[in-house]
Amino acid sequence: MRLDRFLTQQTKQSNKQVRQQIDAGEVLVDGDVTIEWNQRITRFSEIVLAGERLQENTAEYWMLHKPIGVVSDTKHPHHKTVLDCLDIPNKALLHVAGRLDLNTSGLVLLTNNGAWSKAITSASSQMPKVYEVTLDQPIPPETEAVFAQGIYFVYEDITTLPAEIERLSDCQARLTLTEGRYHQVKRMFGHLGLRVTALHRSQIGAVKLPSEIAVGQYRKLCDYEVAALAGNANSRSDR
Ligand code: URA
């Protein structure tokens, strides 16, 4: 929504009066004075007019170190869910920004801001995701070339985007993907005849899972992490 329209609705003043207040520097959006009457705001923007807070920023952004055996869903009939891992108020309003398989551990982001999570997970964002992978056999020499070229997935009728692989040992690698197809890591190695025996997501965009966040632990994202993920996603997260 446009800032001037929000203010006219909230204050019942005319659009002219509202724009004068904006011009006079009386309006703060998320703590900053704005003179842009056509600035886009959302239900998560904090709006202050002449010292009075008209709208609070209620957006929440969390990171969780997902344990193996926990589903990336908000409800499940048999398994513990990522929401069950959190002991926070209003957790029922959160959703997952990019799922992991039941037997994958690592970084999961949760938010109540649908535009933000969409900016991270949409195909167009090409948000890099980093996985530590353990395989059942040594990684063959052609892997780099095959992953760089892309692998055809019949079911989706797509070829995977170039993926970067860094070898950590004979049977371990760090893989960076810029998309998130169903079971993508397992299917890519499966294409080469390898089985993934352990999978862990260590990073999404610029945000790394910190070593002090143990399995099952969680914390709020810092403002710069929220902004970095939104910025990385090629599209504005706050609309
Ligand atoms: N690729 C997979 O195969 N599984 C995951 O959980 C994430 C990426």
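Of the strands (runs of 3 or more DSSP E) contained entirely in the stretch 158-239, those carrying at least 2 residues that are within 16 Å of the ligand (Cβ to nearest atom), open to solvent by less than 60 Å² (accessible area, probe 1.4 Å) and modelled with pLDDT of 95 or more fall at 172-177, 196-204.
Residue check: L100 meets all listed conditions (1) open to solvent by less than 20 Å² (accessible area, probe 1.4 Å); (2) closer than 21 Å to G216 by Cα; (3) outside any loop (DSSP other than H, G, I, E, B) but one, namely (3). Filtering the stretch 19-71 to residues that are within 21 Å of the chain's Cα centre (by Cα) and of a type in the set (V, I, T) leaves I41, T42, T58, I68, V70, V71.
The values are calculated or read from the model by the stated rules, or taken from the named source; none is laboratory data. Because the structure is predicted, anything quoted here is derived from the model rather than measured. Positions of Cβ are generated from backbone atoms using ideal geometry, with glycine treated the same way; all protein chains shown enter the neighbour counts. Please note that ligands, DNA and RNA were not included when accessible areas were found on the heavy atoms of the full protein model with its side chains. Shrake-Rupley method; radii C 1.70, N 1.55, O 1.52, S 1.80 Å.
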